[in-house]
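Inspection log for the structure reproduced underneath, given as structure tokens.
The values are calculated or read from the model by the stated rules, or taken from the named source; none is laboratory data. Given the structure is predicted, the values throughout are model-derived calculations rather than measurements. Note: ideal-geometry Cβ built from the backbone for every residue, glycine included; neighbour counts use all protein chains shown. For the accessible areas, the whole protein counts, side chains as well, though only heavy atoms, and no ligand, DNA or RNA atoms are used. Shrake-Rupley method; radii C 1.70, N 1.55, O 1.52, S 1.80 Å.
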Amino acid sequence: MEKVTLTPNGEKFLVLEADVITPDVFAGKTLEEIAELKVWEGNTTWPLGKFFDIKGTTAATAAEQAIVINGSCPRVKYIGSKMTAGAILVKGDVDMYCGAWMKGGDIIVKGNCDAFCGIQMEGGNFIVEGNAGNYLGASYRGDWRGMKGGNIVVSGNAGCDIGEYMMGGTITVKGDVDINAGIHAGRAIGPKDAGGKIVIYGNSPGRVGAQMVRGNIYVLGNIECMMPGFATKGTQELEIDGKKYAFNVLTGDRAEGGKGTLYV
């Protein structure tokens, strides 16, 4: 793959909306053209090159294009949003909407990501080596269609409402999560579709699977307060990541006539 490196140059700004930072946009352009791509700071547009030093080589197609952000960008939103192919590596933190509406390719964030990352994702891989914010892999505000496909892995903890309205794909959190994991999951899919999968290695304070209709949620830690709409169906031994665990198996949320499965 050809690689373009963006290095933050220390130029001050409040918050940038930079949905142009994707392999789809960079491919086929010169470095000069990339530097002239517009990003938003409030209601003002600036060239991308005002905030980043840009070096490297561009590819002819998105699938052959890699982007490396050589530094932390905790106030740069929409990195990798709507990307369909290629790869992005961020050597630090990212702001909201990273990987939102993603359809393919790979994003690796070496730090933390803020809220609404990977929302309505349809494909590809989104890896966060730090912590993730609220609404990871969820729906857009006011929509009832969440993540449809792809794979999200968080090495640390995640916030509330991950996988909200989840329709497909997999979210794995190696640490703890906040409330409402998998809330409304499966509400927008057909009765014959299995729905998405959420694996939580740590603990949750509660409301896991609230109002879910379909899908599977695995919790290897503890749930402080279980939803009353889930009925226990027995126990089952399952293998996750090469290790076997004994789970209590519950179905619900019965308040919604749900057929989701919760493994605790």
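Before moving on, here are some points about what is shown:
- Filter result for the condition that a residue is out of contact with any strand residue (DSSP E or B) (no Cβ under 9 Å at 6 or more places or on another chain), hydroxyl-bearing (Ser, Thr, Tyr) and either at pLDDT 95 or above or surrounded by fewer than 20 Cβ atoms within 10 Å (Cβ to Cβ) (or both), over Ser155, Ser204, Ser139: Ser139
- Which numbered condition Phe51 fails, given (1) closer than 14 Å to Glu17 by Cα; (2) open to solvent by less than 20 Å² (accessible area, probe 1.4 Å); (3) in contact with a helix residue (DSSP H, G or I) (Cβ under 8 Å, 6 or more places away or on another chain): (3)
- All strands (runs of 3 or more DSSP E) inside segment 30-81 with 3 or more residues being farther than 10 Å from Val4 by Cα: 38-41, 44-47
- Options Asn125, Asn131: the member that is in contact with an Asp or Glu (Cβ under 6 Å, 6 or more places away or on another chain) and either open to solvent by less than 30 Å² (accessible area, probe 1.4 Å) or among the polar types (S, T, N, Q) (or both): Asn125
- Against the test of being closer than 19 Å to Gly111 by Cβ, free of Cβ contacts under 8 Å to residues at least 60 places away in the same chain, crowded, with 16+ Cβ neighbours inside 10 Å and hydrophobic (A, V, I, L, M, F, W, C), the options Leu16, Leu89 yield a single qualifying residue, Leu89.
- Candidate set from segment 210-264 (those that are of a type in the set (Phe, Trp, Tyr) and without any contact (Cβ under 8 Å) to a residue 40 or more places away in the chain); member that is surrounded by the fewest Cβ atoms within 10 Å (Cβ to Cβ): Tyr245
- Selection of segment 1-13 for residues being surrounded by 14 or more Cβ atoms within 10 Å (Cβ to Cβ) and either more than 14 Å from Val68 (Cα to Cα) or free of Cβ contacts under 8 Å to residues at least 12 places away in the same chain (or both) yields only Phe13.
- Scanning segment 37-68 for residues that are under 16 Å from Asp24 (Cβ atoms) and hydrophobic (A, V, I, L, M, F, W, C) yields Leu37, Val39, Leu48, Ala59, Ala60, Ala62, Ala63, Ala66, Ile67.
- Check on Lys82, touching a residue at least 24 places away in the same chain (Cβ under 8 Å), crowded, with 21+ Cβ neighbours inside 10 Å and of a type in the set (Lys, Arg): no
- Some residue of segment 242-250 being within 14 Å of Gly163 (Cβ to Cβ), in a strand (DSSP E or B) and either in contact with a Gly (Cβ under 6 Å, 6 or more places away or on another chain) or aromatic (Phe, Trp, Tyr) (or both): no
- Matching residues in segment 60-79 - criterion: being open to solvent by 10 Å² or more (accessible area, probe 1.4 Å) and more than 18 Å from Asn9 (Cα to Cα): Ala60, Thr61, Ala62, Ala63, Glu64, Ala66, Tyr78
Table: residues versus (1) in contact with a strand residue (DSSP E or B) (Cβ under 9 Å, 6 or more places away or on another chain); (2) among the hydroxyl-bearing types (Ser, Thr, Tyr); (3) at pLDDT below 95.
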residue: Ile223; (1), (2), (3): yes, no, no
residue: Met226; (1), (2), (3): yes, no, yes
residue: Gly229; (1), (2), (3): yes, no, no
residue: Gln236; (1), (2), (3): yes, no, no
residue: Asn248; (1), (2), (3): yes, no, no
residue: Glu256; (1), (2), (3): no, no, yes
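- Residues being more than 15 Å from the chain's Cα centre (by Cα) and at pLDDT 95 or above - total across segment 187-201: 1
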